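The values are calculated or read from the model by the stated rules, or taken from the named source; none is laboratory data. Predicted, not measured: the structure shown is a model, and the values here were computed from it. Heads up, the Cβs are rebuilt from the backbone with ideal geometry, glycines too, and the neighbour counts pull from every protein chain shown.
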């Protein structure tokens, strides 16, 4: 909600785009009159919902509307990072404790889960986070701090990576923890207290749940960065 206010300020007080994005970003991604804003919206939607569908065709389209590679990389990284934060907010359901001009949309539990990738990603990335050394170093340090601390962290990372097409297949094993990983990754707005009943019976407490969710969402943001912009697939912008 506060970021909607930042966008309005960045646009010199004009809020047409802000209100349109809050209502539904998809029409903005397909029909907004300004091509640059339309494309950036589509990139944000794809990074959030199906990052594996990004391709070099999107990069070509970005260049046509004046978005350089560095700007495109910046847009992808920010979309992944704020998706990470928003999904944690959806999961914990903590209400805003401050007033905002634009209220965020309600996280509706009936909203269907996002789809999972249908095939593992292959190809050579066209953009790499290494081109932004400071950002890349921070991301790697953040990842290592969260993921490398326990074997369970590494296992959780493997599950999330598989869901997003950026990891080796993991054998299907009935697991309450894996079910939580899938819920947080694909539909955090559907998580409810009853989602944790069995885990609470195995000595999981609320701080442990928050650590798990933070870990899953961190991996979610990492695997939505621009590895998916490779030269092995193409898709057409709407």
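Across the stretch 3-34, the number of residues qualifying as under 16 Å from residue 82 (Cβ atoms) and loosely packed, with under 11 Cβ neighbours inside 10 Å comes to 1.
The set of residues in the stretch 90-104 that are buried (at least 16 other Cβ atoms within 10 Å of the Cβ) and at pLDDT below 80 comprises 90, 91. The numbered conditions (1) in contact with a helix residue (DSSP H, G or I) (Cβ under 7 Å, 6 or more places away or on another chain); (2) over 17 Å from residue 119 (Cβ atoms) are all true for residue 167 except (2). Going through (1) touching a helix residue (DSSP H, G or I) at 6+ places or on another chain (Cβ under 7 Å); (2) within 17 Å of residue 85 (Cα to Cα) one by one, residue 74 falls short only on (1). Residue count for the stretch 158-176, restricted to those that are assigned to a helix (DSSP H, G or I) and at pLDDT below 80: 1.
Within the stretch 15-26, the set of residues being touching a helix residue (DSSP H, G or I) at 6+ places or on another chain (Cβ under 7 Å) and closer than 26 Å to residue 64 by Cβ comprises 17, 18, 20, 21, 25, 26. Considering the stretch 113-124 alone, what residues qualify as being under 20 Å from the mean Cα position of the chain (by Cα), more than 30 Å from residue 8 (Cβ to Cβ) and surrounded by 11 or more Cβ atoms within 10 Å (Cβ to Cβ)? If the condition is that a residue be under 20 Å from the mean Cα position of the chain (by Cα), more than 30 Å from residue 8 (Cβ to Cβ) and surrounded by 11 or more Cβ atoms within 10 Å (Cβ to Cβ), then 113, 115, 116, 117, 120, 121 are the ones that fit.
Out of 38, 8, one residue alone is over 27 Å from residue 184 (Cβ atoms), modelled with pLDDT under 90 and touching a helix residue (DSSP H, G or I) at 6+ places or on another chain (Cβ under 7 Å). It is 8. Entry remark, the stretch 115-144: residues being farther than 24 Å from residue 179 by Cα and free of Cβ contacts under 8 Å to residues at least 12 places away in the same chain number 8 in total. Filtered by the rule that a residue be part of a loop (DSSP other than H, G, I, E, B), under 18 Å from the mean Cα position of the chain (by Cα) and without any contact (Cβ under 8 Å) to a residue 40 or more places away in the chain, the stretch 68-104 gives a lone residue, 93.
More than 27 Å from residue 160 (Cα to Cα) and at pLDDT 90 or above, is that true of residue 46? The answer is no for residue 46. Go through the residues of the stretch 105-112 one by one and say whether even a single one is surrounded by 14 or more Cβ atoms within 10 Å (Cβ to Cβ), part of a loop (DSSP other than H, G, I, E, B) and at pLDDT below 85. Scanning the stretch 105-112 turns up at least one residue that is surrounded by 14 or more Cβ atoms within 10 Å (Cβ to Cβ), part of a loop (DSSP other than H, G, I, E, B) and at pLDDT below 85.
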